[in-house]
Structures are given as C-alpha cells and as structure tokens.
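Novice: After the structure tokens below, expect a handful of questions from me.
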Amino acid sequence: MTGVPYIDTDEAIVQATGSSVYDLFLQRGEHAFRKLENRILRSTIIRNETPIVSTGGGMPCHSDNMALMLETGLVVYLRAPIASLADRLRGEGNSRPLLVNRGTMSLEDRIRELLDAREEYYAKAHVTIDTDRHFPEEIVAMLASSVHR
C-alpha cells in the first residue's frame, strides 16, 4: 500500500523455519518462538534494509525487543477496539496459538486479557494511532504525518 519495503516478522519466521507460527508454538513452545522473534528482529535491524517492520502482538513484550525497536526506529502502535480485533481474528481460524487454547473464555475476553498484559509495552510506542473507523489509506496518511513530524 505504501510502496515502501517491509518485513512481517511472523512471515520471516515461517520462511526461515518452514513451519507455521501455530506449529512452532506446538512443537517448540512459546519460549523458543520468542527467541526466534528476537533473532529475526536483530537481523532485520543489523541489515538495515527494511524501513517498515511489522511485528506480532507479543514481540514488544519479550526479551529486549521493545528497547531495540525504540532505539532503532519509530515505534507505532496501531490501536483497535477489542470488538474490531475479534472480528478480524475470527477470520483467521486457528492460526493464532495464544487465542486457540482459551478454554471457555470468549475470544473478546482473551483479547482483553492479552491487551491488559501488553499495554505497558504498547504504551512505550513513540506514536499511537487509533485505527477504529478509518480506512487503511487514512491510517497510512496518519502514519506518514507522524513520520514527517
């Protein structure tokens, strides 16, 4: 959409391992997955080829990832209401390991639980953009204006 090269860290992990994020969680566990995330983030920063890095929601909350991101780039938190996130995530089936095994908890309650635990990290972002009721093109424009400040 922006024409600017980007990397999605989850996609990079899948490409590097040949396994889906879900399968990595099942086979190796969350700790091993988080180590892979950190390795991908560090290698992306070292190569300095990709101006936009899209991370999974848990990445800023583990290792020294948020500190690395804050030191080396502009960190943007794209905030969305829980209902909007749940609507988007319902379409992804079982691809999100932290959302699949939630017992009797509703998807909305699990998302709320994760967001509550992650908020202290997300609050450190340089810029927060509320995405509710905005088209992707509007969000890109808001992001571009944040970058050029």
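Novice: For the stretch 95-149, what are the residues that are aromatic (Phe, Trp, Tyr) and either more than 14 Å from residue 78 (Cβ to Cβ) or in contact with a Pro (Cβ under 6 Å, 6 or more places away or on another chain) (or both)?
Specialist: Initially, the stretch 95-149 is screened for residues aromatic (Phe, Trp, Tyr), giving 121-122, 135.
Correct list: 121 only.
Novice: Mind telling me which of the residues 101, 65, 38 ends up being closer than 21 Å to residue 117 by Cβ, polar (S, T, N, Q) and touching a His at 6+ places or on another chain (Cβ under 9 Å)?
Specialist: On the way: 101 fails: touching a His at 6+ places or on another chain (Cβ under 9 Å); 65 fails: touching a His at 6+ places or on another chain (Cβ under 9 Å).
The match here is 38.
Novice: With respect to the numbered conditions (1) touching a residue at least 60 places away in the same chain (Cβ under 8 Å); (2) farther than 30 Å from residue 46 by Cβ, which one is the sole condition not fulfilled by residue 83?
Specialist: Tallying (1) touching a residue at least 60 places away in the same chain (Cβ under 8 Å); (2) farther than 30 Å from residue 46 by Cβ, residue 83 fails exactly one: (1).
Novice: Out of (1) surrounded by 19 or more Cβ atoms within 10 Å (Cβ to Cβ); (2) touching an Asp or Glu at 6+ places or on another chain (Cβ under 8 Å), what's the single condition that is false for residue 66?
Specialist: (2)
Novice: Then there's this: Would you say residue 82 is surrounded by fewer than 18 Cβ atoms within 10 Å (Cβ to Cβ), in contact with a Phe, Trp or Tyr (Cβ under 6 Å, 6 or more places away or on another chain) and at negative phi? If you could, list the steps in order and put the result at the bottom.
Specialist: Numbers: surrounded by fewer than 18 Cβ atoms within 10 Å (Cβ to Cβ): yes; in contact with a Phe, Trp or Tyr (Cβ under 6 Å, 6 or more places away or on another chain): no; at negative phi: yes.
So residue 82 does not fit the description; no.
Novice: Wholly within the stretch 34-145, which strands (runs of 3 or more DSSP E) include no fewer than the required count, namely at least 1 residues that are at pLDDT 95 or above and among the aromatic types (Phe, Trp, Tyr)?
Specialist: Working: elements: 52-54, 76-79, 127-130.
Filter on the stretch 34-145 gives 76-79.
Novice: Just to be sure I understand, how many residues within the stretch 88-145 are closer than 23 Å to residue 61 by Cα, small (Gly, Ala, Ser) and surrounded by 11 or more Cβ atoms within 10 Å (Cβ to Cβ)?
Specialist: So the count comes out to 3.
Novice: Evaluate the following for residue 17: is it surrounded by 15 or more Cβ atoms within 10 Å (Cβ to Cβ), farther than 28 Å from residue 137 by Cα, at pLDDT 95 or above and of a type in the set (Ser, Thr, Tyr)? Show your work before the answer.
Specialist: On the way: surrounded by 15 or more Cβ atoms within 10 Å (Cβ to Cβ): yes; farther than 28 Å from residue 137 by Cα: yes; at pLDDT 95 or above: yes; of a type in the set (Ser, Thr, Tyr): yes.
So residue 17 fits the description; yes.
The values are calculated or read from the model by the stated rules, or taken from the named source; none is laboratory data. Note that the structure is predicted; figures quoted are calculated from it, not measured. As a convention, Cβ positions derive from the backbone with ideal geometry for all residues, glycine included, and neighbour counts pool all protein chains shown.
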